[in-house]
1. It is to be established whether one or more residues within the stretch 358-372 are in the same structural domain as Pro328 (by TED's automatic domain parsing), in a loop (DSSP other than H, G, I, E, B) and of a type in the set (Lys, Arg).
2. Being assigned by TED's automatic domain parsing to the domain that holds Arg520 and surrounded by fewer than 19 Cβ atoms within 10 Å (Cβ to Cβ) narrows it down to one of Ala405, Ala437, Ala411, Ala420, so name that one.
3. Report whether or not Glu154 is touching a Leu at 6+ places or on another chain (Cβ under 8 Å), part of a helix (DSSP H, G or I) and among the acidic types (Asp, Glu).
4. Are any of the residues in the stretch 66-83 assigned to a loop (DSSP other than H, G, I, E, B), within 60 Å of the chain's Cα centre (by Cα), in the same structural domain as Ile213 (by TED's automatic domain parsing) and farther than 21 Å from Ile197 by Cβ?
5. Considering each of Ala109, Ala91 in turn, give the residue that is in the same structural domain as Gln193 (by TED's automatic domain parsing) and either among the polar types (S, T, N, Q) or not in a helix (DSSP H, G or I) (or both).
6. Working only within the stretch 444-466, note down all residues that are surrounded by 15 or more Cβ atoms within 10 Å (Cβ to Cβ) and over 28 Å from Asn383 (Cβ atoms).
7. Being assigned to a helix (DSSP H, G or I) and out of contact with any Gly (no Cβ under 8 Å at 6 or more places or on another chain) is the filter; apply it to the stretch 468-502 and report the residue that is modelled with the lowest pLDDT.
8. State the number of residues belonging to the stretch 114-135 that are touching a strand residue (DSSP E or B) at 6+ places or on another chain (Cβ under 7 Å) and not in a helix (DSSP H, G or I).
Amino acid sequence: MAAQHIVDLSSSPSSARGRIVALIIVCVLLVASVFVSFTATTPGPTLPAFLPAIYSAAILAYALTAFLFANQYVISRSPGFAILSLAYAYAFVLTIPYLVAFPGVFAPAGLIGNGSSSGWLYTFEHFGFIGLVLVYGIIELRAESFGRSAFRAETFVAIATLVTAALAVVFISLSLGSALPPLTRASHFTALQAGTIGPGMVAFIFTTVAILIATLRTGKTIPMWMTVVCIALGLEVFLTNAGGGRFTAGWYFSRVEASLAAGLMLCVFLYYVNIALLLQANNLAQLAAARDAAERSAAENASLLRDYEREQRVASSFQRAALPASLPKVPGVTFDGFYAPGKSEALIGGDWFDALRLPDGRIVLSIGDVAGSGLDAAVIMANMRQVIRGIAHVHTDPAMILEAADRVLRAEHPDRFVTAFVALFDPMYRSLTYATAGHNRPLVRRPDGTIAELGGYGLPLGLRIRGDAHHTTLLVEPGSLFVLYTDGLVESTHDAEAGERRLRAVIEDSAARGNGMLARSIYDGVLVNGSRDDVAILTMYVDTPAAQSLVPEAIGRWKFDSADPTAAGETRARIHEMLERRGVRKAECVAAEVVFSELLGNVVRYAPGTVEVLLDFTNATPVLHVLDEGTGFSRFPELPRNLYSESGRGLYIIATLSEEFTVARRPGRGSHARAVLATNAARRRLHNG
């Protein structure tokens, strides 16, 4: 407990109250000094006993303050405090012979010296003390330079100690000898004292005050109070000199100021020590009260702990159920995901990631974060993930998916909000369409190594307004790495910018791409000590220029002019052949030919020109793709209202003969039709796998 309240004043800031008190002391000293200066030369009674009464307190204050500054040096290793300890020790050493040598105190001409020794001891004591304080001020101004090396600091302090001790011995020896001219005659100052030494000492002191004032911008406590001490010493010397000799009004008042200057820092130390003791006593009282409260409520706390653990188990179950059991396996594309609960979270959080491959071969990516934590957040998170999955099977526009999820959240949880990011990736043509709802922008590492954010904007779910649904489409370069993440990854230290810099540095590491656990590697690289909040990460790496290059036998591709019946017939035959080779029944092959013919007929009628046809077997069910270069056409996944209408008859036939059928505009020009062919073999694979 005591170690928690060691008084270290090396960087202690000055309080507003302390600054006010210091200013009041300075103002009082200035006003009193100005008032006394008008009567400074007025003779007073000759009372040599006045000095022992005043200086006994000063000597004791010097000794205690020197000890306390030495203790502060041991605590903080600040060389400035070592210099202040030397200053007060030096004042202590020279003040004792000054008092003993003063005429009339212990002997008519002083117990030691030649009668004028006390004047020189007084001079050397003030010059030496102020000189050391000046060194302290310079150290404070250049604290960084002196603090770079512990060896340099210790060496500096050792040299300063030896020099100070040597000067003290020399000054005492000079003062007690007879080689120096007298500074007083019959209690009056000589011209040397009044015209040279006194004014020079005042100038030196206030030069030191100027240096100390320059250190006040650091806002520390000790420089502020040392400034007050030096101002008091400067006024003391000024009044002493203004009195013209000993036992005048100026001389008596200056001795009072000298005693005040000597004891001021001791009072400051005692104040801070007292504050530390009060804090320690208060902490002990609080600890005792907390211990008593804990003992009285042990049973209640145990019950709360059981409730907490039960809720955490339930929340953990929801969390595990909400995360995908596996990620899609797509030729040329590698997915990886990782989730970690927060270390300091009371309960499991509401972060999730998901990747779902649709029957037509496209992949829906989602990541999000439910505001708050605990069981409620886990339930909402599971609901949002399932809502996004369900909507994606009906409508694949990420903006519409978020719009529908927003409506569900408002209806079921009107007081909560969720950030989310949804993307639709087409592995056949490497296009990515995405929309965001207030979520962290994913990062993409391009093949050239540069890293960029995916643009886009949108309010979180639960806070959105009408018309806030918009998506962005981009073409994905081979060799691109996408990183989707929740805010716990970059905000663990409450400095999101620093967290994102660490994340970018990890993603820039090209070696990380070859890691089979890329998402976990990113987590470990960014959060060395873990995260207080839960974290979800989903990565997607597009490896090759075309997915079919890995499995050429699983993808058929044809390109021809829609007006060329020969090429169309050959393509239809090749489609039939590939389906038969994979065990598709003849009737289903015929249905697939009809679907192809209807799709091609639409191209001939509405978008004549070059047509591209693909038959993709990389998914659980074969998907027929037909791409044209017309003006573009989109179709909602629903049947025409009038089944007997001639308009839309071909699309109706296609939708009837297919498991799923969608038409969407391509990012550039034209339309992209996807028909998931209805095959019994595919249904068995889907059911068993």
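1. If we filter the stretch 358-372 for residues that are in the same structural domain as Pro328 (by TED's automatic domain parsing), which is where we start, we get 358-372.
Still in the running and in a loop (DSSP other than H, G, I, E, B): 358-362.
Still in the list and also of a type in the set (Lys, Arg): 362.
Within the stretch 358-372, one or more residues are in the same structural domain as Pro328 (by TED's automatic domain parsing), in a loop (DSSP other than H, G, I, E, B) and of a type in the set (Lys, Arg).
2. Working: Ala405 fails: surrounded by fewer than 19 Cβ atoms within 10 Å (Cβ to Cβ); Ala437 fails: surrounded by fewer than 19 Cβ atoms within 10 Å (Cβ to Cβ); Ala420 fails: surrounded by fewer than 19 Cβ atoms within 10 Å (Cβ to Cβ).
Step by step, each of Ala405, Ala437, Ala411, Ala420 is checked, and only Ala411 is assigned by TED's automatic domain parsing to the domain that holds Arg520 and surrounded by fewer than 19 Cβ atoms within 10 Å (Cβ to Cβ).
3. Working: touching a Leu at 6+ places or on another chain (Cβ under 8 Å): no; part of a helix (DSSP H, G or I): yes; among the acidic types (Asp, Glu): yes.
No, not satisfied.
4. As a first pass, look at the stretch 66-83 and keep what is assigned to a loop (DSSP other than H, G, I, E, B): 77-78.
Applying the additional criterion that residues be within 60 Å of the chain's Cα centre (by Cα) yields 77-78.
From what's left, in the same structural domain as Ile213 (by TED's automatic domain parsing): 77-78.
Next, from what is left, pick out any that are farther than 21 Å from Ile197 by Cβ: 77-78.
Yes, there is a match, as at least one residue in the stretch 66-83 is assigned to a loop (DSSP other than H, G, I, E, B), within 60 Å of the chain's Cα centre (by Cα), in the same structural domain as Ile213 (by TED's automatic domain parsing) and farther than 21 Å from Ile197 by Cβ.
5. Numbers: Ala91 fails: either among the polar types (S, T, N, Q) or not in a helix (DSSP H, G or I) (or both).
Selected residue: Ala109, the only one of Ala109, Ala91 that is in the same structural domain as Gln193 (by TED's automatic domain parsing) and either among the polar types (S, T, N, Q) or not in a helix (DSSP H, G or I) (or both).
6. Going residue by residue through the stretch 444-466, those that are surrounded by 15 or more Cβ atoms within 10 Å (Cβ to Cβ) are 444-445, 451, 454, 456, 458-464.
The answer is Val444, Arg445, Ile451.
7. Looking only at the stretch 468-502, we keep the residues that are assigned to a helix (DSSP H, G or I), and these are 487-489, 496-502.
In the following step, the residues that additionally are out of contact with any Gly (no Cβ under 8 Å at 6 or more places or on another chain) were identified as 487, 496-501.
On the way: Asp487: 89, Ala496: 79, Glu497: 84, Ala498: 84, Gly499: 84, Glu500: 88, Arg501: 88.
So the residue we want is Ala496.
8. First, pick out the residues of the stretch 114-135 that are touching a strand residue (DSSP E or B) at 6+ places or on another chain (Cβ under 7 Å): 116, 119.
Subsequent filtering for residues that are not in a helix (DSSP H, G or I) retains 116.
Here the count works out to 1.
The values are calculated or read from the model by the stated rules, or taken from the named source; none is laboratory data. Model, not experiment: these values are computed from the prediction. Note that we place each Cβ from the backbone using ideal geometry, even for glycine, and neighbour counts take in every protein chain shown.
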